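Q: Take this structure, written in structure tokens, and hold onto it; I'll ask about it next.
The values are calculated or read from the model by the stated rules, or taken from the named source; none is laboratory data. Bear in mind the structure is a predicted one, so any value in this text is a computation, not a measurement. Here Cβ is always computed from backbone atoms with ideal geometry, including for glycine, and neighbour counts include all displayed protein chains.
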Amino acid sequence: YGVKFGSNFQPFVRKRDVKHNDDADMTREPEMVQAYRDTWELGLHSYLTYLRDRLLVARELLTPSGSVFVQISDENLHHVREVMDEVFGAENFAALVSFQKTGGAASNLLPVTVDYLIWYARDVGSLRYSQLYTQRDVGDTSLDRYDQVLLSSGDTRRLTSDEMSGNCPIEGQRFQLTSLLSSGATTSPQEFSFNNRTYRPKSGSHWKTSLEGLKRLTAQGRIAVMGSILRYRRLAEDFAVIPMTDRWESTQVGTGLSYVVQTAAQVIQRCVLMTTQPGDLVLDPTCGSGTTAYVAEQWGRRWITVDTSRVPLALARQRLLTATYQWYELKEPARGPAGGFVYKRKQNNRGEEVGGIVPHITLKSIANDEPPQEEILVDRPEIDKSITRVSGPFVVEATIPTPVDYEGDGVEDSHAAPAESYAAFIDRMLEVLRRNPKLQLGGGRAVELRNIRPPAKSMSLAAEAMVDAGALPGASLGDVIDEAEEKRGDTLALSGKPVAIAFGPENGAVSEKLVLNAAKEANVRNYSHLFVIGFAIQPNALQMISASESTMGIAASYIAATPDILMGDLLKTMRSSQIFSVCGLPEITARKAASRDKSDPDRYTVSLLGLDTFNPATMDAESVEASDVPAWFLDSDYNELSFHVSQAFFPRTGAWENLKRALRATHEESVWEHLNGTESAPFEATPDTKIAVKVIDTRGNELMVVKTIGEAILKG
């Protein structure tokens, strides 16, 4: 499509480098490929259509005080702004922010060093906004006009170039002289005596304050003579911070990137702090590595983040599970962050403002003898350093297409329309299966099918076939099946009866209902084995296939079809070998742990042994050691409704390093080795307790196995 997919796809959890036009780096997720095609099929036109549709939804979701930010490079900035004008109205444009990237992009012209944030409001008149400030540091350009110093003796002088640049310390108060006049004539008395000389405003102007106010300014040493006129002496320390503008610099400093198009946390942090308050809800429909969720969690905002691909979701989950945050003091602990954070005025031993409340001394406040206005720095709440905070509870959910009834007759039209396309899909799959009849069963073994044909009057089955043992040199059918299925406990009856084949959906995962109906029909028709072929499978459906022989009377296997079948026209080549491969469950074992006391309930540990995965880049089935998986999770009391992570492990990664550094004085090194390992901590259970182990492979796929403690012990 003429678009570099390197900025759209990241196929691996651990590998951020993506090469353009390299099929090895091409994602094999049907959802991602479909989204990519939908977005870029017509180039910029379909991209803008894609963006407009999502912005329309965003507009409906926003509260009247809400904001939306779109990050974009200069290439399509003007087009995106036109679309946002159309959706939100040009009158609701808030700002165009430029922020500095890590470095300049290669170019034959001027190097590009910035990206942009286009900021629109749902209703600019109701927009929620908190001004952000940056600290004034010596050498900043904001201090260039403060070119004089007031010495302790009362004398003044110009700053040297070294003092201006910050290379030499300044002994005294840095200041600049500004006007004491406002335009416009007045009838009130304007003569003012200073140092035995009378001063009057020039024609058509007046003093900014009353004569009494000028006396107060004099008493505070805030009036000075420059030539023949009076000037106001503004000190740099009157306001220790400066308002942030639409140009953000140094936003990438100290950031470690884990995703191909990851935005620096500081950029999103500023957006969140500017436009939301603690307890507000933030939505990011392009999850990536989860930076928005991470920042929202850090600053006490609720969040939802969405993505099409499994890789960014796996990265975001790991990032959130292992993140540590500072603990901010709460105004109303009973309400949580929604009650707001505590801000205080504090100074260090040099008298510099370091707290969350900063005084803003002005000419008006001194002249009127008023306390200075106080500005709240929303990014400086009070911190309790004795507490290390981790992410709060969150869930990872998959969306299910909503049934649609256009006619209002109670019939789901969304299921009726695709009947012809589904039949065409089945025909295509049968043709692929006839051309590539070999099913890879793991361990280097395979079964070859022959006489593949549609069954007569079938409800759930797509095909039937005979198993050809003679095509496997040096191995009988029994050898192949027994060895390949040894670890799974499934067997294939050694008879002349045909096997049944069921296909999962073209865009979606094999469901429990499909497995149940296919297994029932295959058993009634007296088939010897059921092969369920799909591009993805729900965890419960995979578990049902594993137990099919004992529960439904027919052995079954799930065969993973490479998504290259769905995207063959997008790839340059599609290898014909190993189109279909067995996708095995993670292997686990349980053992009883030593009791601390005889009266204590029994405790058990669970170990991950490994799993078989399919590598679509090499088209090979691979056995993965437990110590080499990116992540695995344990639910020590699985309720069959939702998977609750009770223990999380990230072997061979530095995922726990942040928490380790925060708690180094509290936990021994062995604790962190355990969290990077393959054996769980002991937990209370009985032999009938149902446990679930979910493994995340390098492509972000989730594989889950469910067993009772008793079954896991017997298996081990």
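Q: Can you find a residue that is among the β-branched types (Val, Ile, Thr), under 30 Å from Lys208 (Cα atoms) and touching a residue at least 40 places away in the same chain (Cβ under 8 Å) anywhere in the stretch 104-126? Even if it seems obvious, please write down each step before you answer.
A: Within the stretch 104-126, the subset among the β-branched types (Val, Ile, Thr) is 112-114, 118, 124.
Okay, now just the ones that are also under 30 Å from Lys208 (Cα atoms), so none.
No.
Q: Further question on the same structure: Check the stretch 70-85 and report whether any residue there is part of a strand (DSSP E or B), hydroxyl-bearing (Ser, Thr, Tyr) and modelled with pLDDT of 85 or more. Break it down into steps so the answer makes sense when it comes.
A: Our first condition is that a residue be part of a strand (DSSP E or B); within the stretch 70-85, this holds for 70-72.
Next, from what is left, pick out any that are hydroxyl-bearing (Ser, Thr, Tyr): none.
No, that holds for no residue.
Q: Tell me, yes or no, whether the stretch 201-213 has at least one residue that is assigned to a strand (DSSP E or B), out of contact with any strand residue (DSSP E or B) (no Cβ under 6 Å at 6 or more places or on another chain) and polar (S, T, N, Q).
A: Within the stretch 201-213, not a single residue is assigned to a strand (DSSP E or B), out of contact with any strand residue (DSSP E or B) (no Cβ under 6 Å at 6 or more places or on another chain) and polar (S, T, N, Q).
Q: Can you find, within the stretch 617-651, the residue that is modelled with the highest pLDDT among those that are assigned to a loop (DSSP other than H, G, I, E, B) and small (Gly, Ala, Ser)? Break it down into steps so the answer makes sense when it comes.
A: Of the stretch 617-651, the ones assigned to a loop (DSSP other than H, G, I, E, B) are 617-619, 629-630, 636-646, 650-651.
Subset that is small (Gly, Ala, Ser): 617, 636, 642, 646.
Details: Ala617: 41, Ser636: 94, Ser642: 84, Ser646: 91.
Per the stated criteria, the residue is Ser636.
Q: Return the residue satisfying two criteria in turn: it lies in the stretch 146-167 and is touching a residue at least 12 places away in the same chain (Cβ under 8 Å) and β-branched (Val, Ile, Thr), and of such residues it is surrounded by the most Cβ atoms within 10 Å (Cβ to Cβ).
A: Val149
Q: Ok, one more. Here is a list: Leu132, Leu143. Which entry is in contact (Cβ under 8 Å) with a residue 60 or more places away in the chain, closer than 30 Å to Pro64 by Cβ and surrounded by 14 or more Cβ atoms within 10 Å (Cβ to Cβ)? Don't jump to the end; show me each part of the working.
A: Numbers: Leu143 fails: closer than 30 Å to Pro64 by Cβ.
So the residue among Leu132, Leu143 that is in contact (Cβ under 8 Å) with a residue 60 or more places away in the chain, closer than 30 Å to Pro64 by Cβ and surrounded by 14 or more Cβ atoms within 10 Å (Cβ to Cβ) is Leu132.
Q: Would you mind stating whether Lys520 is modelled with pLDDT of 85 or more, over 22 Å from Ser309 (Cα atoms), among the basic types (Lys, Arg) and not assigned by TED's automatic domain parsing to the domain that holds Tyr638?
A: Numbers: modelled with pLDDT of 85 or more: yes; over 22 Å from Ser309 (Cα atoms): yes; among the basic types (Lys, Arg): yes; not assigned by TED's automatic domain parsing to the domain that holds Tyr638: yes.
For Lys520, the condition - modelled with pLDDT of 85 or more, over 22 Å from Ser309 (Cα atoms), among the basic types (Lys, Arg) and not assigned by TED's automatic domain parsing to the domain that holds Tyr638 - is met.
Q: For residues that are hydrophobic (A, V, I, L, M, F, W, C) and modelled with pLDDT of 85 or more, tally how many sit in the stretch 379-428.
A: Here is the first cut: in the stretch 379-428, the ones hydrophobic (A, V, I, L, M, F, W, C) are 383, 387, 390, 394-396, 398, 400, 404, 411, 416-417, 419, 423-426.
Next cut, modelled with pLDDT of 85 or more only: 383, 387, 390, 394-396, 426.
Here the count works out to 7.
Q: Pick out, from the stretch 103-156, the strands (runs of 3 or more DSSP E) lying fully within it that include 1 or more residues that are closer than 28 Å to Ser73 by Cβ. Quick ask: steps written out before the conclusion?
A: Details: elements: 112-121, 133-135, 148-150.
Filter on the stretch 103-156 gives 112-121, 133-135.
Q: Here's a follow-up. Within the stretch 605-616, restricting attention to residues that are surrounded by 17 or more Cβ atoms within 10 Å (Cβ to Cβ) and among the hydrophobic types (A, V, I, L, M, F, W, C), which residue is modelled with the lowest pLDDT?
A: Out of the qualifying residues, it is Phe614.
Q: Shifting gears a bit: Taking Gly300 as the residue in question, decide whether it is more than 15 Å from the chain's Cα centre (by Cα) and either crowded, with 18+ Cβ neighbours inside 10 Å or hydrophobic (A, V, I, L, M, F, W, C) (or both).
A: Yes, satisfied.
Q: Assuming Thr178 fulfils every condition listed in (1) over 27 Å from the mean Cα position of the chain (by Cα); (2) among the β-branched types (Val, Ile, Thr); (3) outside the structural domain of Ile223 (by TED's automatic domain parsing); (4) over 21 Å from Asp246 (Cβ atoms) apart from one, which condition is it?
A: Status for Thr178: all satisfied but (3).
Q: Evaluate the stretch 107-117: report whether one residue or more is small (Gly, Ala, Ser) and surrounded by fewer than 14 Cβ atoms within 10 Å (Cβ to Cβ).
A: Of the stretch 107-117, the ones small (Gly, Ala, Ser) are 107.
Restricting the remaining residues to those that are surrounded by fewer than 14 Cβ atoms within 10 Å (Cβ to Cβ) gives 107.
Yes, some residue in the stretch 107-117 is small (Gly, Ala, Ser) and surrounded by fewer than 14 Cβ atoms within 10 Å (Cβ to Cβ).
Q: Looking only at the stretch 363-378, count how many residues are in a loop (DSSP other than H, G, I, E, B) and either modelled with pLDDT under 95 or over 28 Å from Gln326 (Cβ atoms) (or both). Give the derivation first.
A: Step one: filter the stretch 363-378 for residues in a loop (DSSP other than H, G, I, E, B), giving 368-372, 377-378.
Filter once more, so that each one left must be either modelled with pLDDT under 95 or over 28 Å from Gln326 (Cβ atoms) (or both): 368-372.
Residues flagged as in a loop (DSSP other than H, G, I, E, B) and either modelled with pLDDT under 95 or over 28 Å from Gln326 (Cβ atoms) (or both) within the stretch 363-378 amount to 5.
Q: Follow-up. I need the full set of residues from the stretch 509-527 which are in contact (Cβ under 8 Å) with a residue 60 or more places away in the chain and not in a helix (DSSP H, G or I), in order please.
A: Selection gives Arg525, Tyr527.
Q: Taking into account only those residues within the stretch 230-248 that are surrounded by 15 or more Cβ atoms within 10 Å (Cβ to Cβ) and either more than 45 Å from the chain's Cα centre (by Cα) or of a type in the set (Ser, Thr, Tyr) (or both), which is nearest to Ser142 (Cα to Cα)?
A: Arg234
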